[in-house]
Structure formats: structure tokens, C-alpha cells
Amino acid sequence: MGNTIGIRHEDRYELERRAPLIPDHVRQLIDLEGIEFIVEKSEKRVFKDDEYHSAGAQIEDDIHYCDVVLGVKEMPDSIFKKDVAYIFFSHVIKGQSYNMPMLKRLIDQGSTLIDYERICDSNGKRLIFFGRYAGLAGMINSLWAFGQKHSVLGKDTPLSNLKQAYSYPSLDAAKKDILQYGDEFGSKREEHFDKPVVIAVTGDGNVSNGALEILDLLPGRDLTVNQLLNNEYSINDSFLKLNILPEDYLIHVDGKPFQLFHYFDNPDQYESTLEEILPHIDLFVNGIYWDNRYPRLITKKWLKKNFNIGLGPSVIGDISCDVNGSIECTEKATEIEDPVFVYYPESDTYKMGFTGKGIVVMAVDILPSELPRESSLHFSTALKPFIKQIAECNFFDEFEDLQLSEEIKNAVIVHSGKLTEPYQYLKKFIS
């Protein structure tokens, strides 16, 4: 007899509407593999209870008796039970302090934790992710925030007509508006801006590629960093669009040539020169992976020195959303219903909303949930091939004997209340 799989109602955020598996895929897994699914009732999930019921799943108020529980975001400490496997984005692998109590509870209860973020191929490439949709929604929100910021300043441009991503019925509807209002902005740009609006996106992964997909809808010119710094563009362009890559701003402290993999292994030997580019940028969108081994992209010190003399971006879209991380002025992760704050460099303070003389920061923590149907379909398509082995796995076996593929086994952070060998380093963070 296989494991019963539960799909939980997301409760960490009010507007978290995603699902790890969509009803069509649940139907296929029931019909073809005979897997039993229990779906927790939810009034806000983008896929309705009736859709899962029609697919053959049971709909219940309580799924915590299931053998395996699938979720998206972090789960409350109170739900963890002995001998149950939980699969979700746990956000513990960096030793994130705010999730250490949750990790300790999982261990104390004798539970098993599998983290989507660690399901990778043999080259370390992630296999199950929402990243592209974080980039898509993040760029939509960043353009919306840029329009709203300048509207507050008395510059009502066509971009002021854009909506936040979650307000659109679909991704296609959002793209249609960006095409329309982007073109209108181009024809009226000189009414409010005496030079092209410069938009920069950092990174080249799934997140950044999603952001660039939206940015490509705007009229204007794609530039390299050198072309921007050397003024190799027309003053008549509406938008100048940059994709800033690590080699554009990272230099070896001893003057050696930049090598990406050397940088990953030896980040302490490199420093960032991004702040030399910042004075030219109006909207800065950040999509890189970062932890505290790496140099920051934007520091509070630079902003305090330069913002009041009119240098640097007026709006920052921090899709990566590392609090006080690569964008040091990202003071908090924001929620969909309250997505932006104004950071005041002089006083090192912030206030929610758009008003005030400061930098607008958009740092929504669950951006893919602003496009819940499309992002859930994408995620479910990637997760579905792994469900059969999870349903058939005997999690009572010793870790070495678990009948799981290497991709899934390497993502087991806790097994039956014990940190697995690759994650022993987390003990120091828990204590």
C-alpha cells in the first residue's frame, strides 16, 4: 500500500494562492498510478476544491494524518507529526534564523523534510522551481511601482495605468497592457523625462530571464554596460534596457581576469563595482542569488552619499528579496497587499507606501503567487514525475535504504527527526 498524499491549504500569506499539484495532474496520478490524494479545503486556492474532487481526490478539513504532505511555503510548527514527510520550500539551507524554530520542531517531532529548492540534477541545476514566474511578476510590479512613484511626484505617464501583477486575470492580460502603455510612454516620454529611462536587470538565471521577458515588451534599445557608460545611444530613445551580468561589475582584488566559477568558490577575492553604474539607472531590478559570502550590489552608504544629489535609481524591484542582503536597503519582505515601501537614505528609515522623498522598494516575498494559475501549472509539471516514487517510498527505512532517486534523496534535509549528512552544518544555526 502506498503513501497517502495530502495537499495543504497555504496559510503563511493571505494572498498565497498557488498549489504544488494542479487538478489535472492529480487526476492523471490517480488514474495511472493509483495514488490516493487528500486535499485540504481552501477558499482562496486558485484551483477550487470542486476541481480536485472532480479529479478524484478527497476533500477534507484536516490532512495531517496523511503520510506525505505537499505544500508550497513554510508550514506552521503546530502541524508537524512523527513519521510524516513534508515537502515544501523550507528556507532553512542558509541557516535562516526566522525558520530555525520550524526546523527544530520538525526534528523534535521525528518528521521528514524534503525541500524543493534542493531537488537538483547531477550538475546542481534546480529541477522544480517558480523562478521564472517570480521574474515575470517582479518586473510587472517594478514597472507598476515606477509608474506609481512618478505619479505621486506629479508625473502621470502611461506607465501610471499599469496594475500590480495579481490584479490581472492572466499573464497575457498583463503583457497586453505593458505593450500598450510602453508604446504610449515612448511617444510621450519627453513630456516628463529629458532622457531615456534606464532599466537594469541583474543576473541570467530563471528569475532574471522572466524579468527580461517582460522588459523585452517595452520599446527602446538593449545596451551593454559599456555602451551605457560611453553614452552610445540616442537621446530620443524611450527606454534603455540593460542585463547586468557578474562580469560587468565584479573585479578580482589583485587585478586577475574575472572567472565566474572561481568567483563562486572564492567570493572574498572579488569586489563589486556596480555602484559606478548606479548613477545612470532609473529602475533597478535585482534577480541574483545571494548569501553573505558575496559582495553587496547596493549599499546604504552609497545611497546616503548619492541619493540626495539625484544619483541612482528612484525605484528598486528586489525580486531576490534578501532582507538587508545584496540590496542593503531591502528592510523587509513585503506582502502582495502592501508591496512597497519608501527607504530614506539620510535617516536609514522606511515607511510603507509611495509617498516621501526616498527610494521606492518593491520586495514582495511570494511573487509567483501573483500569477497563481500559470506558475502552479509550471511547477506541477516539473513535480509530477517525482510523485510516484514519493508515494511508493517507505520512509520508515533507514536513510541509506530509501528507494528514492538521487535528485529527491539529496533534497531530504531531515529524515525521521535527524539531519541527514549533507545538512549537519545546520546544527550550529539551530543551537
Among the strands (runs of 3 or more DSSP E) contained in the range 298-417, which hold 3 or more residues that are more than 30 Å from TYR52 (Cα to Cα) and in contact (Cβ under 8 Å) with a residue 24 or more places away in the chain? 315-318, 359-362
Tell me, please, whether a residue that is at pLDDT 95 or above and among the polar types (S, T, N, Q) can be found in the range 49-65. yes
Identify, by number, the condition in (1) at positive phi; (2) in contact (Cβ under 8 Å) with a residue 40 or more places away in the chain; (3) not polar (S, T, N, Q) that HIS91 doesn't meet. (2)
Give the range 273-289 a look and list any residue that's assigned to a loop (DSSP other than H, G, I, E, B), within 12 Å of LYS241 (Cβ to Cβ) and β-branched (Val, Ile, Thr), or say none. ILE281
Say whether the condition of being assigned by TED's automatic domain parsing to the domain that holds PHE146, in contact with a strand residue (DSSP E or B) (Cβ under 8 Å, 6 or more places away or on another chain), modelled with pLDDT under 95 and within 30 Å of ARG45 (Cα to Cα) is met by at least one residue in the range 358-365. yes
Give the range 160-180 a look and list any residue that's within 20 Å of PHE47 (Cα to Cα) and assigned to a helix (DSSP H, G or I), or say none. ALA165, TYR166, SER167, LEU171, ASP172, ALA173
Which one of these does VAL68 not meet: (1) surrounded by 17 or more Cβ atoms within 10 Å (Cβ to Cβ); (2) on the phi > 0 side of the Ramachandran plot? (2)
Filtering the range 120-143 down to residues that are in a helix (DSSP H, G or I) and under 9 Å from the mean Cα position of the chain (by Cα) yields GLY131, ARG132, TYR133, ALA134, GLY135, GLY138
Does the range 96-103 contain at least one residue that is modelled with pLDDT under 95 and either within 17 Å of PRO368 (Cβ to Cβ) or part of a loop (DSSP other than H, G, I, E, B) (or both)? yes
Go through the range 368-390 and report how many residues are more than 15 Å from the chain's Cα centre (by Cα), buried (at least 20 other Cβ atoms within 10 Å of the Cβ) and among the small types (Gly, Ala, Ser). 1
Which number in (1) assigned by TED's automatic domain parsing to the domain that holds MET352; (2) crowded, with 16+ Cβ neighbours inside 10 Å; (3) out of contact with any Phe, Trp or Tyr (no Cβ under 6 Å at 6 or more places or on another chain) marks the one condition that LEU153 misses? (2)
Of the numbered conditions (1) part of a helix (DSSP H, G or I); (2) surrounded by 24 or more Cβ atoms within 10 Å (Cβ to Cβ), ILE114 fails exactly one; give the number of that condition. (1)
Determine whether the range 282-296 contains at least one residue that is hydrophobic (A, V, I, L, M, F, W, C) and over 16 Å from LYS149 (Cβ atoms). yes
Please work out which one of (1) without any contact (Cβ under 8 Å) to a residue 24 or more places away in the chain; (2) within 16 Å of HIS25 (Cα to Cα); (3) not in a helix (DSSP H, G or I) is the condition ASP62 fails and give its number. (2)
Taking the condition of being in contact with a Pro (Cβ under 8 Å, 6 or more places away or on another chain), polar (S, T, N, Q) and under 21 Å from PHE193 (Cβ atoms), how many residues in the range 141-179 meet it? 1
Any idea which of (1) among the aromatic types (Phe, Trp, Tyr); (2) under 19 Å from the mean Cα position of the chain (by Cα); (3) not assigned by TED's automatic domain parsing to the domain that holds VAL84 is the one TYR116 doesn't satisfy? (3)
What's the number of the condition VAL72 fails, among (1) in a helix (DSSP H, G or I); (2) within 30 Å of TYR294 (Cβ to Cβ); (3) at pLDDT 95 or above? (1)
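The values are calculated or read from the model by the stated rules, or taken from the named source; none is laboratory data. Everything quoted here is computed from the prediction, not taken from an experiment. Counting neighbours? That spans all protein chains shown, and the Cβs are built from the backbone with ideal geometry, glycine included.
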